[in-house]
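Reading through the C-alpha cells given below for one structure.
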Amino acid sequence: MSNAERRRLWRDIGVFDGLCTLPEPMAVIIEGDRVASLVAMRDFDEASAQGCQEMGRGGVMTPGLVDCHTHLVFGGSRADEFEARLEGVSYEEIARRGGGILSTVTATREASEEALFAAARPRLEALIADGVTTVEIKSGYGLTVEDELKMLRVARRLGEALPVRVVTTLLGAHALPPEYRDDSDGYIRLVCEEMIPAAAAEGLADAVDVFCEKIAFSVAQCQRVFEAAMAHGLPIKAHAEQLSNLGGTAMAARHGALSADHIEYLDEAGIAALREAGSVAVILPGAFHILRETQLPPIAALREAGVSMAVATDANPGSSPLYMPTLMLNLACTLFRLTPQEALAGMTAHGAAALGFKGEGRIREGATADLCVWDVDTPAALAYAVQPGRLRQRLFQGELTHVV
Ligand code: DI6
Ligand code: FE
C-alpha cells in the first residue's frame, strides 16, 4: 500500500491540538499525509476503523514540535567561555573582548561545508528525537557573503538529509566582523547590498534576522537591513531587547516582522507594537537560564495584550547550548510562568506562526500529519518532567519516522 492510501488509527488518546488540550479521549485517523478525522471516543463509529492500521491506545498526541529559533550550524565549541562566565565575566564583556559570537565566527569560517554538516547533524537529530518536525536554522557565524551562504547551504542540506522541515534565516547582521571593526555602517552596506541579494538569488534564505543590541547593531542599522530584505520579498524578524531596551522590537513590528525574539527588556510600547502588527513574541528560556539573566520578559503583559508567544531552544554554542525542546517547555513554565498549555502552544501553533505558517502546528481535520505521540498521561506532563525517551511515535508528513 502506498503511504497516500494508508489509514492509521489511534484510539483513546489525549490530544493537545496546538492551542489547547481537548477535553476527552479521542480517536484520530491519519490518511496518507493528512489528518482525516478527529473524534471523541464516545462518538467513534467502529465502521470507520475498517482498513485502518491500529497504531495503539493511550498516551498523548501533539502536533510535531516547531523549534522556530536555532543557530545549530556552527564550528567549534564555547565550553571555555562557559567557564569564564561562571567565574563572573559577563556575556557582553566576552563579546567586547572579541570572544563570544566572534570566536564561533572564526571556527565557522575555518570549517568546510562538510565539517559543518557533520557537526550540525547530531544536534538536529537530538531535536528530532525530542519531537521536532519543523526547525528554523539561522546563519550568522560566517559574516562574509561566502561564509553566510555556506552556512545556509548546510542548513538546506540538513533538511534534505533528515525527516524534518528546515526553514532558513539569513542573520548576516549578527555581529560586527573584525575586518569592519571601525566601520559598522560599511558592514551593514555589505549585508544589504551583497549578502541579502546573493542569498535571495540562490533561494537560500526564507527570512532575514538581525541582532539589535548595543554589542551588535543599532535600530537604524537594523531598519536598513529590513528594508533590503523586504525589497527582495523576504520576511523579517529580530533578536531584540535581549540585553537592553533599544526599541528594536517596535521598529521590527512596524515593518511587519514575523516575530521579535528574546524580549526580556521589552516595554509597554514594544508590546503594543507587537499587538498591532500581529507579530509573535518568541521567548527563549534557554538563553535566559544559561546567561543567568534576571530581567524577566513581560509575560503577563504580553498575555494580557493577546500577543502570541512562541517558545524555542535558541540552540547555539554560546547562550543556549541546549538541544532539548521539551526542556524548554519546562523552563518556560518554571522561569517565565507560562502554563504548560501556553508552553506547548508556543512550540506548536505559535512557533509555526513565528515562521510565517499561520494556521499550522495544529491537529485538526485536513492538517498535515506532522505529529508526535508521547508516553505521558496528560499534555502538562510533557512540561512537568524532563525525561528523554518519551516520544513513542513521530510522523513527518504522514511518514512514521521515529518508533522507540
Ligand atoms: N542572541 C543569542 O542568544 C544568540 N545570538 C543572539 O543574537 C547567541 C549567539 C551566540 O552567543 O553565539
Ligand atoms: Fe538567537
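So how many residues does region 39-50 have that are surrounded by 11 or more Cβ atoms within 10 Å (Cβ to Cβ) and either of a type in the set (Gly, Ala, Ser) or in contact with an Asp or Glu (Cβ under 6 Å, 6 or more places away or on another chain) (or both)?
4
Considering each of Phe82, Phe44 in turn, give the residue that is more than 30 Å from Gly356 (Cβ to Cβ) and within 14 Å of ligand 1 (Cβ to nearest atom).
Values: Phe44 fails: within 14 Å of ligand 1 (Cβ to nearest atom).
The unique qualifying residue is Phe82.
Taking into account only those residues within region 55-91 that are on the phi < 0 side of the Ramachandran plot, free of Cβ contacts under 8 Å to residues at least 40 places away in the same chain and not in a helix (DSSP H, G or I), which is nearest to the chain's Cα centre (by Cα)?
Residue satisfying both the conditions and the ranking: Ser90.
Restricting attention to region 12-59, and to residues there that are of a type in the set (Lys, Arg) and out of contact with any Lys or Arg (no Cβ under 8 Å at 6 or more places or on another chain), which single residue is farthest from Gly398 (Cα to Cα)? If you could, list the steps in order and put the result at the bottom.
Step one: filter region 12-59 for residues of a type in the set (Lys, Arg), giving 34, 42, 57.
Those still in the list that are out of contact with any Lys or Arg (no Cβ under 8 Å at 6 or more places or on another chain) too: 34, 42.
Numbers: Arg34: 7, Arg42: 26 Å.
So, considering only residues that are of a type in the set (Lys, Arg) and out of contact with any Lys or Arg (no Cβ under 8 Å at 6 or more places or on another chain), the one farthest from Gly398 (Cα to Cα) is Arg42.
Could you list all residues from region 123-142 that are free of Cβ contacts under 8 Å to residues at least 40 places away in the same chain and either within 16 Å of ligand 1 (Cβ to nearest atom) or more than 19 Å from Gln387 (Cα to Cα) (or both)?
Keep residues of region 123-142 that are free of Cβ contacts under 8 Å to residues at least 40 places away in the same chain, which gives 125, 142.
Gly142, the sole residue that qualifies.
Could you tell me whether region 221-235 includes any residue that is under 22 Å from the mean Cα position of the chain (by Cα) and within 15 Å of ligand 1 (Cβ to nearest atom)? Spell out the reasoning first.
Start the filter on region 221-235 by keeping residues that are under 22 Å from the mean Cα position of the chain (by Cα), which leaves 222, 225-226, 229-230, 233-235.
From what is left, the residues that are within 15 Å of ligand 1 (Cβ to nearest atom) are 222, 225.
Yes, that holds for at least one residue.
Name the residues in region 297-321 that are more than 17 Å from Ala277 (Cβ to Cβ) and either within 16 Å of ligand 1 (Cβ to nearest atom) or under 17 Å from the mean Cα position of the chain (by Cα) (or both), would you?
Within region 297-321, Pro297, Val311, Ala312, Thr313, Asp314, Ala315, Asn316, Pro317, Gly318, Ser319, Ser320, Pro321 qualify.
Just a yes or no: is a residue in region 308-317 part of a helix (DSSP H, G or I), within 12 Å of ligand 2 (Cβ to nearest atom) and surrounded by 22 or more Cβ atoms within 10 Å (Cβ to Cβ)? Full working, then the answer.
Initial filter on region 308-317 (part of a helix (DSSP H, G or I)): none.
Within region 308-317, not a single residue is part of a helix (DSSP H, G or I), within 12 Å of ligand 2 (Cβ to nearest atom) and surrounded by 22 or more Cβ atoms within 10 Å (Cβ to Cβ).
Only residues that are part of a loop (DSSP other than H, G, I, E, B) and under 18 Å from His239 (Cα atoms): list them for region 128-155, please. It would help to see each step written out before you state the result.
Looking only at region 128-155, we keep the residues that are part of a loop (DSSP other than H, G, I, E, B), and these are 130-131, 139-144.
Once the filter is applied, which keeps residues that are part of a loop (DSSP other than H, G, I, E, B) and under 18 Å from His239 (Cα atoms), region 128-155 yields Ser139, Gly140, Tyr141, Gly142, Leu143.
We did not get these values from a lab; they are worked out from the coordinates using the rules stated. Predicted model, so just to flag it, every value in this text is computed and none were measured. Quick reminder, even Gly has a Cβ in these numbers, built from the backbone with ideal geometry, and neighbours come from all protein chains shown.
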